Amino acid sequence: MAEANRTGILAKAQKRLSRTKTKVLQTFGKADKSTDESFDELVQKTEKQQEVAQHLQKEIKTYLHCVRALGQASKSLATAVSQTYEEEWTDAAEVKKSLESVDLLWTDYQQNVHEKVLDVLNDYIASFPSLKARIAKRGRKMVDYDNSRHNLAVLQTAKKTDEAKITKAQEDLNESKRIYEELHKELCADLPDFYNSRITFYADIFQKLFGQESILHCELATISDTVNTINEKLATEFLHFAYKPRRPLSQSVSDNSEEQELNGESSPKHQPLSASAIQSTPSRQQDTVSKGHFYSNEDEAKSPVRINGSIDNKEEPTGKTRQLPQHKDIDDEEEERVPENSIYEVPGGEEEEEAEAYQDNPSNRPLFEPPPDALYQVEATHAYYGEDEDELSFEAGDIIYVIPFENEDEQDEGWQMGVRQKDGIKGVFPENFTRQL
């Protein structure tokens, strides 16, 4: 037994040495080399075919990994939605039943793709090693055939011929040629057929892949449509429970409100200020001084004032209404003159009501010039309708002059004080409904 193994090992070593010697001689042109360009082209196509199949196998494995993660995420989302949807809501049982089937759809899809696509592709790729082994064997037998031809040629061209050796070499040549041609013929028939079979193979697995994906998406679409229809019905039935959040209050006002609520009192968002608290602008003060409209002392401030051609002997209101400074010697025409672009109204007497903190009575006429204290102007990008009396309503395209707050503590974040250009109305408005010009 050991002798037989030793003989086999020596025979294999001798063949390997003989093939190596033949390749060296062929490299240096000392021996002929059999070539077949058409067969070499088939071999290159087979190698390319294997690379494509392996790349597709890798991508399908990655895809299945993502499908597994997506299915898990979809299942988690469906569970969260089912838990959120309360039992007393519209068709709650049907919604929960539809969401439970989502997990089954993803599981079936993953299993079908693995069995009908990936496993089939794995079997297809497994056929390449055996085919390439046959190609390698054909290459070795071709070298043996070339070696036998070279040995016979050497013996026939020797100076001293030995017929016995020549006969033995001829027999070896015939045997090696027979083996080589059998392998070559088989491969020349199998390789083209195997290469052309790729078309129907890929068509089949692509059909299974996208067919299963189509079934999944159709079933998910049906579930989505069902749940969506129920939620539309739910929104219609409970439309009267819609909640519209109000704008946030400033920190100081919120603290005061909480304190007053503890005492059983209600606290408005803005405390109204008297019109006399509104400070006169520098330009108006300069006009008054230039005309001599000022009081030199306290007695002059209490002197009779002429308004609309009559003498008003009443004392000046204390902090209730805004009074324009008047001089006792001015003419009636000068007394009645009010700047056209003023946003304020001259107090009229006994029946004058207390002015609002953020909104003066409109002049019902457009402002041709910005107010003296205007910081900049903005244009409304969206219509806004105020919810409180101190808020300024406007339409898209209206021009608003932004002015400073009289009391900076009353300014909320994201809100500005402004005067509407078209009628002089003053109030607070949301800044994100406008754009600065």
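With R₀ set to 41 Å, the beta-carbon distance separating residue 114 from residue 181 gives a calculated FRET efficiency near 0.40.
Taking amide H positions as modeled 1.01 Å from N, with prolines and chain starts lacking one, the residues under 5 Å from residue 415 and 5 or more places away or on another chain are 431. In segment 11-133, Cα pairs under 8 Å separated by at least six residues give a relative contact order of 29 percent.
Filter 97/233; 21/160; 15/137; 21/137 down to the pairs with a C-alpha to C-alpha distance above 20 Å, please. Long pairs (Cα-Cα over 20 Å): 21/160. Under 5 Å from the amide H of residue 434 lie the amide H atoms of 381, each residue being 5 or more positions distant or on a separate chain, with H modelled from the backbone and absent for Pro and chain starts. Across segment 88-94, coupling constants 3J(HN,Hα) worked out from phi with the 6.51/-1.76/1.60 Karplus curve, θ = phi - 60°, read 7, 6, 4, 6, 4, 5, 5 Hz, and Gly and Pro carry x. Converting phi to 3J(HN,Hα) with the Karplus coefficients 6.51, -1.76 and 1.60 and the offset θ = phi - 60°, segment 54-63 yields 5, 5, 5, 4, 4, 5, 5, 4, 5, 4 Hz in sequence order, with x at every glycine or proline. Between residue 199 and residue 409, the modelled label-to-label distance comes to 8.8 nm, taking each label 7 Å out from Cα in the direction of the beta carbon. Full extension of the chain between residue 92 and residue 206 yields a length gain of 37.1 nm, computed as 0.36 nm times the residue separation minus the alpha carbon distance. The value of relative contact order for segment 95-182, using C-alpha pairs under 8 Å at least six residues apart, is 28 percent. In this structure, the residue pairs whose Cα-Cα separation is over 32 Å, taken from 58/141; 58/177; 48/141; 116/185, are 58/141; 58/177; 116/185.
Phi angles of segment 216-225 translate, via the Karplus equation with coefficients 6.51, -1.76, 1.60 and θ = phi - 60°, into HN-Hα couplings of 4, 5, 5, 5, 5, 5, 4, 5, 4, 5 Hz per residue; Gly and Pro are given as x.
No value in this document is a laboratory result; all are computed from the given coordinates. All values derive from a computational prediction rather than experimental measurement. Here Cβ is always computed from backbone atoms with ideal geometry, including for glycine, and neighbour counts include all displayed protein chains.
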